[in-house]
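S.K.: One structure is given below, represented as structure tokens, and several questions about it will come after.
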Amino acid sequence: MTRLAELRSRTRGVDPRDVDLLLADALGRSVAWLFAHGEFDVDEHLIDAQLRRRRAGEPLQYIRGRCDFYGREFLVDDRVLIPRPETELLVEQAIARAPRGARVVDAGTGSGCIAVTLALERPDLRVVAVDISVAALAVAKRNRDRLGARVAFAASDLLDAVRDVDLVVSNPPYIPAADIETLQTEVKDHEPRAALTPGPRGTEIIERLLRSGLPSIIEIGYGQLEAIRERVDEAVDDLAGIPRVVISSANGRK
């Protein structure tokens with residue numbers, strides 16, 4: 001056994017903030033409790049396995065099995081992309097713009113964070129979440145059930161299996177394939193490749209969704225607006241002033 005304060009101080013090669021979260025998880029306590037109980041005796045090997053995973057570059061969210069998004073906790077593992085804070089802008093736009101009672105499809109739902117959040121924030125919406133990955137849908141269903149959201153699911157290559165759609169929302173893969181190797185280890189080596197890149201340009205799936213002619217709210221990557229500008233009506237900047245979400249009310253635009 002060793003004192004909690006000593007264990008926290010002697011850990012090397014891992015961000016101390018990550019160490020505190022892992023210790024808090026293992027003890028079933030808050031991080032604030034750790035600071036207040038440095039004399040508490042714990043097993044010196046309590047989080048050895050988790051620290052090895054973190055040192056190897058595995059994302060903290062996968063190790064903990066959860067991630068915060070839009071004020072709620074979502075389950076995540078290596079079957080799904082980790083929800084990013086910038087995707088909350090997409091959700092904000094969908095909450096504000098979706099017509100009352102609309103049938104909304106979350107294309108490429110992953111963890112289900114977008115679909116579940118929309119269903120909880122706008123109970124009037126009829127939300128359908130689709131993904132080509134059955135493994136991802138399993139994670140999304142767990143999040144729906146534990147958070148009590150009304151969301152239907154379908155295995156589908158984007159919109160192929162759905163009809164009667166009023167609004168499409170999506171955070172699609174949009175990183176150009178050649179850029180993957182420039183990403184952090186925890187992203188390129190651990191998150192699902194299919195959820196990161198759609199192909200050489202990065203805009204392949206964005207373009208497919210826009211060609212559907214359906215009203216759409218879609219997250220895009222840095223520098224991608226010019227390539228799709230003629231197909232969108234409006235772009236919304238993120239906090240860094242970067243166009244992050246595009247809005248299309250095309251209804252048949254080619």
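Since every read-out is calculated from the coordinates, none of them should be taken as a lab result. This structure is a prediction, so every number in the text was calculated from the model and none was measured. Cβ placement follows ideal geometry from the backbone for every residue including glycine, while neighbour counts extend to all protein chains displayed.
S.K.: Would you calculate the separation in nanometres between label points at residue 134 and residue 242, each defined as 7 Å from the Cα along the Cα-to-beta-carbon direction?
M.R.: Each label point lies 7 Å from its Cα, and together they span 3.6 nm.
S.K.: Same structure again: Kindly provide the GluC sites (Glu not before Pro) of the range 3-55 that DSSP labels as loop, not H, G, I, E or B, and whose Cβ sees at most 14 other Cβ atoms within 10 Å.
M.R.: Qualifying residues, ordered by number: 39, 44.
S.K.: Hey, in the GNM for the chain with a 10 angstrom Cα cutoff, which one of 209, 125, 27 fluctuates hardest?
M.R.: It is 27.
S.K.: Which is farthest toward the positive dipole end of the chain among 4, 89, 232, measuring Cα position about the Cα centre, with Cβ charges +1 (Lys, Arg) and -1 (Asp, Glu)?
M.R.: After comparing all options, I get 232.
S.K.: Further question on the same structure: Quote the charge dipole size of the range 112-152 about the Cα centre in Debye, to the nearest 20; the model charges only the Cβ of Lys and Arg (+1) and of Asp and Glu (-1).
M.R.: Numbers: 7 positive and 4 negative charges, 23 e Å.
So the dipole magnitude of the range 112-152 works out to roughly 120 debye.
S.K.: OK, next. In the range 205-235, which GluC sites (Glu not before Pro) are in a loop and have at most 11 other Cβ atoms within 10 Å, using DSSP for the loop call?
M.R.: Values: sites: 207, 219, 226, 230, 234; in loops: none.
Answer by residue number: there is no such site.
S.K.: Sticking to Cα atoms, compute the Rg of the range 172-238 to one decimal and its Dmax as the biggest Cα-Cα distance, whole number, in Å.
M.R.: Answer for the range 172-238, Rg first and Dmax second: 12.7, 37 Å.
S.K.: Still on this structure: Using only Cα atoms, find the angle between the long axis of helix 134-147 and the longest principal axis of the chain, and express it within 0 to 90 degrees, rounded to the nearest 10.
M.R.: 70 degrees
S.K.: Express in whole angstrom the spacing between the alpha-carbon centres of the range 147-169 and the range 92-142.
M.R.: 7 Å
S.K.: Could you give the length gained by full extension between residue 155 and residue 77, i.e. 0.36 nm per residue of separation minus their alpha carbon distance, to one decimal place?
M.R.: Numbers: separation 78, 0.36 × 78 = 28.08 nm, distance 1.89 nm.
Stretched fully, the residue 155-residue 77 segment lengthens by 26.2 nm.
S.K.: Set the Förster distance to 41 Å, then compute FRET efficiency between residue 10 and residue 180 from the Cβ-Cβ distance, nearest 0.05.
M.R.: Between residue 10 and residue 180 the formula returns 0.70.
S.K.: Could you point to the label whose value was computed as Kirkwood radius over Cα pairs in Å for the structure here, given [x] 19.6; [y] 18.1; [z] 18.6?
M.R.: [x]
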